[in-house]
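Structure provided below as structure tokens; questions to follow.
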Amino acid sequence: MEELAIKIEHVSKQYRLGAIGGGSLKGDLQSWWARKRGKEDPNSKIGARTDIKTGEKFLALDDINLEIKKGEALGIIGHNGAGKSTLLKLLSRVTAPTTGTIGINGRIASMLEVGTGFHPELTGRENIYMNGAILGMTKKEIDSKIEEIIDFSEVRQFIDTPVKRYSSGMYVKLAFSVAAHLDSEIMIMDEVLAVGDMAFQKKCLTKMREAADQEGRTVLYVSHNMNTIRQLCDRCVVMDHGHIIFDGGVEEAIALYMGFNRENYSNHIFINPNMRDPNWPSPEVTIEEIKLDTPNGYIQFGERLVFSLRVQSRLDRDADVFVRVMIKTAAGSPITMSAVDSPITIPSNGETTKEFELNTSLLIPASYYLSFVLYEIGNIGADNNLDVLRDICSVTVISSDSFNNGMAWNPQWWGNISIGALKRGE
């Protein structure tokens, strides 16, 4: 345990659905007696749902095992309801596990939600001292750090104002500053930085990176922003329905989370009929084979994607067809489209294989789906689709150290296209 910051062994957390607290011993006894007789709970609220089976058991975490080393930056990702926040609450001792043991080597500073650990009636300064005291620090130790905390938080003007008057962004700034600067060996951060502005997010990520690399502190970070996970974390776990389904490299974890299973990844795809768009079920000109020049599905940011298509024609004439490639995010949002500027010719009842290059230099680091379309240009200039393969394969663009000057990209605000740095005029 000397080299470990956290050791989790066979931990499960079980909850009972429905209202289980009457607010008093009398109320709890009334509710229990009603349940035993199959009657309606006399303490349930008027209009409350009755289709929930009160007392039904729900496993938020199921037999979790995890070891986290000192100085490690660990990302935890997964869909809503996967158990991420429940795990952090157990580590922060907000609640206790139903079964299993958790060994923690060091003091923990955590941010699980906006305002966690703050008393609304106390000022920002008073809350700093209160949080330090909870961590076991003396007033002298807190005094030596308080100016640094206030400067980092960017709320000096309001530091002697009760925090109940703070905006959610101000809450986050002060809470993170407190967690980052007080003496704790372990930092636990839930998806709270998204409330702050972009510049402060970058500053926080840099601070957490320094905490792990230079100060030897352990960082646990939960986020749905994959670019911040890439920037901060050395290792990543993926959770699903209370289980850890992956523990390893960051890119592999992100690919699994976003639906790109690299264990089954193939850059050489043979097309069968059920892969085609049902609106074009029996085309006479078809894509039979796709081969990507990406053995593991990754391309470096700024590189071109090289691929080849084997196209077959069943027409009794030479066919001049065009190729279109469409790119979507993992969430299904269209990003861009690229098409050839001149047709390729497939001989009568024959086939041909052609190689193409797709410019992906503007795509931000993330995972993407590719769709392919064969089409003809009709007599009046309209295109006529021949074969349509939607989301047939995927690629993941990997970030370079210089991308966006090291600042995490936020697709929610900035989209999925990077047009490069602004150029200053003479």
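The values are calculated or read from the model by the stated rules, or taken from the named source; none is laboratory data. These numbers were taken from a predicted model, which means no experiment stands behind them. Heads up, the Cβs are rebuilt from the backbone with ideal geometry, glycines too, and the neighbour counts pull from every protein chain shown.
Can you tell me which residue in the stretch 1-28 is nearest to GLY242 (Cα to Cα), limited to those that are of a type in the set (Asp, Glu) and at pLDDT 70 or above?
So, considering only residues that are of a type in the set (Asp, Glu) and at pLDDT 70 or above, the one nearest to GLY242 (Cα to Cα) is GLU9.
Check whether at least one residue in the stretch 289-297 is in contact with a Pro (Cβ under 6 Å, 6 or more places away or on another chain), hydrophobic (A, V, I, L, M, F, W, C) and not in a helix (DSSP H, G or I), and report yes or no.
No: zero hits.
Answer yes or no as to whether ILE229 is on the phi < 0 side of the Ramachandran plot, at pLDDT 85 or above and assigned by TED's automatic domain parsing to the domain that holds LYS69.
no
How many residues does the stretch 381-418 contain that are at pLDDT 85 or above and within 15 Å of ILE364 (Cα to Cα)?
Within the stretch 381-418, residues that are at pLDDT 85 or above and within 15 Å of ILE364 (Cα to Cα) number 6.
Has the stretch 343-354 got at least one residue that is assigned by TED's automatic domain parsing to the domain that holds PHE301, closer than 30 Å to TRP414 by Cα, at pLDDT 90 or above and not in a loop (DSSP other than H, G, I, E, B)?
No - not one qualifying residue is present in the stretch 343-354.
Would you mention how many residues in the stretch 333-356 are in contact (Cβ under 8 Å) with a residue 24 or more places away in the chain and of a type in the set (A, V, I, L, M, F, W, C)?
4
Determine which single condition ARG107 fails, assuming it passes every other condition in (1) surrounded by fewer than 16 Cβ atoms within 10 Å (Cβ to Cβ); (2) in contact with a Gly (Cβ under 7 Å, 6 or more places away or on another chain); (3) closer than 30 Å to LYS36 by Cβ.
Going through the list (1) surrounded by fewer than 16 Cβ atoms within 10 Å (Cβ to Cβ); (2) in contact with a Gly (Cβ under 7 Å, 6 or more places away or on another chain); (3) closer than 30 Å to LYS36 by Cβ, ARG107 breaks only (3).
From (1) part of a loop (DSSP other than H, G, I, E, B); (2) in contact with a strand residue (DSSP E or B) (Cβ under 6 Å, 6 or more places away or on another chain); (3) under 26 Å from ASN410 (Cβ atoms); (4) touching a residue at least 60 places away in the same chain (Cβ under 8 Å), pick out the condition that doesn't hold for GLU191.
The failed condition is (4).
Still on this structure: So, of the residues in the stretch 278-287 that are surrounded by 15 or more Cβ atoms within 10 Å (Cβ to Cβ) and not hydrophobic (A, V, I, L, M, F, W, C), which turns out to be nearest to VAL373 (Cα to Cα)?
Only one residue tops the list, namely THR286.
Further, regarding this structure: Within the stretch 341-394, how many residues turn out to be closer than 19 Å to MET275 by Cα, β-branched (Val, Ile, Thr) and surrounded by 20 or more Cβ atoms within 10 Å (Cβ to Cβ)?
2
Just wondering, is there one or more residues in the stretch 282-295 that are of a type in the set (Lys, Arg), in the same structural domain as GLU355 (by TED's automatic domain parsing) and under 33 Å from the mean Cα position of the chain (by Cα)?
yes
Quick check: anything in the stretch 129-140 crowded, with 19+ Cβ neighbours inside 10 Å and farther than 20 Å from VAL219 by Cβ?
No - not one qualifying residue is present in the stretch 129-140.
Sticking with this structure for a sec: Name, by its number, the condition in (1) within 30 Å of CYS233 (Cβ to Cβ); (2) of a type in the set (A, V, I, L, M); (3) touching a helix residue (DSSP H, G or I) at 6+ places or on another chain (Cβ under 9 Å) that does not hold for ILE327.
Evaluating ILE327 over (1) within 30 Å of CYS233 (Cβ to Cβ); (2) of a type in the set (A, V, I, L, M); (3) touching a helix residue (DSSP H, G or I) at 6+ places or on another chain (Cβ under 9 Å) leaves (3) as the failure.
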